[in-house]
Structure formats: structure tokens, C-alpha cells
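Taking it in order: structure first as C-alpha cells, then the write-up.
Derivation of every value follows stated rules applied to the coordinates shown; laboratory data play no part. Note that this is a predicted model, so its numbers are computed, not measured. Because the Cβ atoms are built from the backbone with ideal geometry, glycine has one as well, and the counts that use them run over all protein chains shown.
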Amino acid sequence: MAAVLLVFLAAVMFGSASLGQTYIPPAEVWRTLRTGSGPHELVVTELRVPRIVLGALVGAALGVAGALVQSVTRNPLASPDVIGVGHGAAAATVLALATGAVTAPGSLPVVSVAGGLAAAALVYVLAWQRGMQPGRFVLTGVGIGVALSAVVQLYLTDSELEAAEQVKLWLTGSLNGRGWEQAGPLGVVLLVSLPGLVWAGRMLRPLGLDPDTAAALGVRVDRVRLGLTVLGVVLAATATGAAGPIGFVALTAPQLARRLTRTPQLPLVNAALTGAVVLVAADLVARTLLPPLEIPVGALTSLVGGPYLLWLLGRRTGTR
């Protein structure tokens with residue numbers, strides 16, 4: 001299945017490089033990519049390809065992060081968004097802009113990553129009570145997320161127009177205007193995380209058992225949960241810093257991958273590929289659906305992900 005998803009991802013990425021307000025025949029896209037020159041060099045290599053690569057990396061990071069968080073909480077309704085990563089990133093960005101601590105736009109991704117990590121750490125500390133209880137962890141994350149969202153809204157209602165518009169643009173989650181500058185750091189984080197992801201893949205099977213059985217097999221459940229959570233939060237926060245908060249990809253990609261592979265555990269590799277396919281395809285639709293208007297991809301994924309969440313909630317309720 002991973003090979004099929006990889007081929008499908010390549011096809012979606014190639015189609016995204018061809019389609020847009022300016023249609024470029026696939027043969028011309030391939031010639032431009034192969035030679036690095038041609039009449040469509042600017043559109044293909046400077047505008048579309050960096051954006052497509054970033055979308056694939058962000059989608060992969062969110063897919064893996066969602067799979068890790070859902071495995072820790074044993075809840076398909078959980079995601080990094082639920083535990084406050086996106087809200088923490090947004091609040092940190094707003095605070096930096098409000099206080100004037102950050103003036104260079106290139107520094108905002110670093111601030112958002114720090115905010116996401118801080119929010120997740122706060123949730124973990126508050127949720128800890130003689131061990132990490134997944135249900136308490138999720139509910140604490142929801143509470144922290146609501147509080148941080150209120151901070152953002154308060155800022156937007158009492159701020160200068162230019163600063164408020166900058167925050168609103170970032171909050172929608174978009175790949176427009178982004179490229180290699182954001183894709184490079186995210187790619188490095190994914191590469192550095194590979195040993196941790198290999199370890200995570202090995203730990204998911206025993207973690208899927210009940211805590212007592214896992215402990216009897218020699219698994220230090222709380223430490224494993226902490227390690228998986230940290231890894232997932234780092235990936236989600238970095239992805240959010242690169243493209244802004246893009247909702248529901250981390251929620252839907254692991255479950256789609258699980259249904260495709262029909263495995264009891266969430267497959268990390270397939271979750272990454274599914275997340276990449278979903279985000280690249282969503283970005284293609286977002287920029288071609290209503291030309292010349294470009295819909296922020298975060299708005300589109302939320303529009304599609306909302307009904308999916310309701311369906312998932314209804315399905316879980318119906319099985320009880």
C-alpha cells in the first residue's frame with residue numbers, strides 16, 4: 001500500500017505542477033523539471049514546485065503527528081490540534097506581534113513552533129496525575145485550546161488593522177507565498193526525526209495493548225507515551241510554523257491510512273503518505289476551484305474535515 005500511495009502522491013504532485021491559472025502541458029512540465037529551463041521555468045520551478053514540496057512535507061508531518069497522538073490517546077478523535085499545538089502556535093504569534101518582539105516575518109515560524117511546544121508541555125503537565133491518562137490528556141488539551149483561542153480573539157478585536165490582517169492571514173493556514181525557505185527546515189526536522197520514528201513504529205504494537213499487559217512485556221508505558229507525544233508535537237508544531245494552522249489533516253490522514261491498510265495499529269509511513277496526498281490535493285483544489293480567487297488550504301481542509309469529524313463521532317456513538 002505504501003508503494004501505491006507513493007505513486008499516487010507523485011501523480012498528484014505532477015498534476016499540481018501542471019494545473020493552475022496557467023495550464024502547462026505535462027510534457028512541458030517534465031521538460032522544465034529535467035532541463036531547469038524553458039518558457040515555463042518561472043511558473044514551474046519558482047512558484048509551483050517549492051509550494052508543492054512544502055505541501056507534501058507539511059502533510060507528511062501532520063499525518064505522522066496525528067498517528068502518534070491518536071496512538072497515545074487511543075482515540076481516533078484526537079489530533080495535535082486537540083491538544084493545543086495549533087492554538088499555542090497562534091497565541092505565541094499574536095503575542096510576538098502585539099509586543100513588537102518580532103518584526104521580521106521570517107522569525108514568525110520559530111515563534112509559532114515555540115508556542116506549539118509550550119502549549120503541549122502545559123497540557124502534559126496539567127494532565128499528569130500519577131501517570132498520563134489519555135482521556136484527561138485530551139480534555140485538558142481542549143480546555144487549554146479554548147483559552148488560547150480566546151487570547152487570539154481578544155487581540156484581533158483590539159489591534160491595529162495591519163497587524164490584525166497579518167494574524168488573520170496566518171491563522172487561515174496557506175501555502176501561498178511559501179516555498180523552499182519553509183520547506184528546508186521542515187525537511188531537516190523530518191530527517192532528524194527518522195530514528196525516533198523507527199522507534200515509535202516498534203512501540204506502537206505493545207502500546208496498543210492494555211497498560212497492564214504492555215507493562216508485563218517490559219514496556220515503560222508512561223515513558224513511551226511521553227516520547228511519542230513529544231515526537232508528534234515537534235512534528236506538528238514545525239509543520240504549523242511552516243504553513244500556519246491547517247486543520248483536520250492530522251485527524252483524518254491516520255484514519256484514512258488505517259482503513260486503506262486494514263491494520264490494528266496506525267501505520268506511520270502510510271499516515272505520512274496519506275497526509276501528503278491529502279494536503280497537496282487540497283491545495284490544488286484550493287487554488288483552482290474559484291479562479292482567480294485562491295482559497296486558503298486550511299479553510300478548505302476544515303470545510304471538508306468538519307463533516308468527516310461529525311461522521312466519525314456518529315459512527316463511534318452508533319457502535320456503543
Quick one: Karplus J couplings for region 252-268, per residue in order, coefficients 6.51, -1.76, 1.60, θ = phi - 60°, nearest Hz, x for Gly and Pro?
-> 8, 4, x, 6, 5, 5, 5, 6, 5, 8, 6, 10, x, 9, 6, x, 5
How much length, in nm to one decimal, is gained on full extension between W311 and V7, taken as 0.36 nm per residue of separation minus their Cα-Cα distance?
-> 106.6 nm
Per GNM of the chain with C-alpha springs under 10 angstrom, the most fluctuating residue out of L171, L54, L226 is L226
Order by neighbour count: D283, D212, fewest other Cβ atoms within 10 Å first, most last.
-> D212, D283
What is the extension gain from L169 to Q265, computed as 0.36 nm multiplied by their sequence separation minus the C-alpha to C-alpha distance, in nm to one decimal?
-> 30.9 nm
Mean-square fluctuation maximum in Gaussian network of the chain, Cα pairs under 10 Å, restricted to G218, G227, G88, hits G218
Can you give the translational diffusion coefficient of region 2-318 in µm²/s, computed by Stokes-Einstein from the Kirkwood radius over Cα pairs at 37 °C and 0.692 mPa s?
-> 164 µm²/s
A chain fully extended from V151 to T99 at 0.36 nm per residue, minus the present Cα-Cα distance, gains in nm 17.3 nm
Check G247: other-chain or 5+ apart residues with amide H under 5 Å from its amide H, H built from backbone geometry?
-> S302
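Give the order of R262, R178, R136 when sorted by the count of other beta carbons within 10 angstrom, beginning with the fewest. Working shown, then result.
Working: R262 7, R178 18, R136 15.
Starting with the residue having the fewest Cβ neighbours, the order is R262, R136, R178.
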Dividing the helical contributions, -39500 (n - 2.57) per DSSP H run of n ≥ 4, by the residues of the chain yields a 222 nm value, nearest 500 deg cm²/dmol, of -24500 deg cm²/dmol
Using a cut-off of under 15 Å, list every residue of region 27-42 whose amide N is near the label point 7 Å from the Cα of F14 along the Cα-to-beta-carbon line.
-> 27-35
Gaussian network model of the chain, Cα within-10 Å springs - most flexible of L68, L207, L42 | L42
For region 8-25, in order, what is each residue's ³J(HN,Hα) by Karplus, 6.51 cos²θ - 1.76 cosθ + 1.60 with θ = phi - 60°, in whole Hz (x at glycine and Pro)?
-> 5, 4, 4, 5, 5, 5, 5, x, 5, 6, 8, 8, x, 4, 10, 7, 10, x
Where the centre of each part is set by its Cα atoms, how far does region 258-297 sit from region 27-95, in angstrom?
-> 9 Å
Fewest Cβ neighbours within 10 Å first, please rank W199, W311 accordingly.
-> W311, W199
If the label point sits 7 Å along Cα→Cβ of L33, residues of region 1-21 with amide N under 19 Å come out as 3-21
